[in-house]
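These notes concern the structure reproduced below.
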Amino acid sequence: HKKEKKLVVQSKQLIEGRYNFTLWEMRVYLKMVEMINKGDEDFKPYRIYFKDLIKDYGGKSKDEYKLIHISAKRLLRKLVKLNYKDEKGNNRCVETHLLSAVDYPDDWREKDENSYLELSFAPQLKDYLLDLKGNFLLYDRRNILLLQSKFSVRIYQLLKSQERKEKDSIVVEYSVKELREMLLVDDEGNPTNEYSKYYMFKKRVLFQAQKELQKYTDIAFSFDEIKE
């Protein structure tokens, strides 16, 4: 079926934050972001129907109701760490939960056609998701619907946020340490040892994202290694 155009808007600070979602956690979170209306001055509970998520992502697995249910509950525990500079130019970090509440069916196994989640963002995220001016990323959600790696989604967002309308291509430089601190953290935003060997990081994160972005999205990338 034809996917409907939906725009996702987030601040660049939130794009570059330290957090790690599973693929279904990312999908539920982005569905919430997509439901924010331009001009909203405050968050509201966002109602997400299981059937809509499964329709969006072409789900076939019998376990997807369970995965969505688990993902919503796990998002409630998720911490996000965001770096910023205060008015004096000092480096600071705000640490906040992503959600303030999750309302879900008591028995998800029923697979009722009208089963839904109702989720609320933590109020500390208002500056990063509401009434954004200037430093934000906007993209068509259809570009990420077919991505199968959680890292592909994050790298798409990172690179898309650097896009310039007047240029066909740009050069962006990230250290492996920077990418690891953004992508490879635990539920509390602390670094993990996942893919600690660089060749595994390159294979599972960079090459996978490169392949999926080329195939499914409106941007593509190549990379050169600057060795020290």
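Values computed for the structure shown
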| quantity | calculated |
| --- | --- |
| Built amide H within the under 5 Å cut-off of residue 186, gap 5+ | 192 |
| Total charge dipole magnitude, region 14-144, about the Cα centre, Cβ charges on Lys, Arg, Asp, Glu only, Debye to nearest 20 | 480 |
| Percent of Cα pairs exceeding the 16 Å cut-off, where the set is region 100-211 | 74 |
| Kirkwood Rh, Cα atoms: Rg over Rh of region 154-228 | 0.97 |
| Normalised per residue, the volume of the convex hull around the Cα set of region 142-193 (Å³) | 105 |
| Projected label distance in nm at residue 163 and residue 103, using a 7 Å step from Cα toward the beta-carbon | 3.5 |
| Ellipticity estimate at 222 nm from DSSP helix runs (n ≥ 4, -39,500 (n - 2.57)) divided over the chain, nearest 500 | -8500 deg cm²/dmol |
| Other-chain or far-sequence residues with amide H under 5 Å of residue 116's (modelled H) | 50 |
| HN-Hα J in Hz across region 202-210 - Karplus 6.51, -1.76, 1.60, θ = phi - 60°, x for Gly and Pro | 5, 6, 7, 9, 6, 5, 5, 5, 4 |
| Cα-based Rg of region 63-158 normalised by 2.2 N^0.38 Å, two decimals | 1.34 |
| Amide H contacts under 5 Å for residue 147, placed H, 5+ residues apart | none |
| Dimensionless Rg/Rh of region 35-84 - Kirkwood Rh, Rg from C-alpha atoms | 1.06 |
| Dipole magnitude of the chain, debye to nearest 20 (Cβ charges: Lys/Arg +1, Asp/Glu -1, about Cα centre) | 660 |
| Cβ crowding within 10 Å averaged over residues, with 46-55, 189-198, 165-174, 64-73 ranked highest first | 64-73, 46-55, 189-198, 165-174 |
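Bear in mind that the values in this text are calculations on the coordinates, not laboratory data. The structure displayed is predicted, hence computed values, not measured ones. No Cβ is skipped: glycine too gets one built from the backbone with ideal geometry, and neighbour counts run over all protein chains shown.
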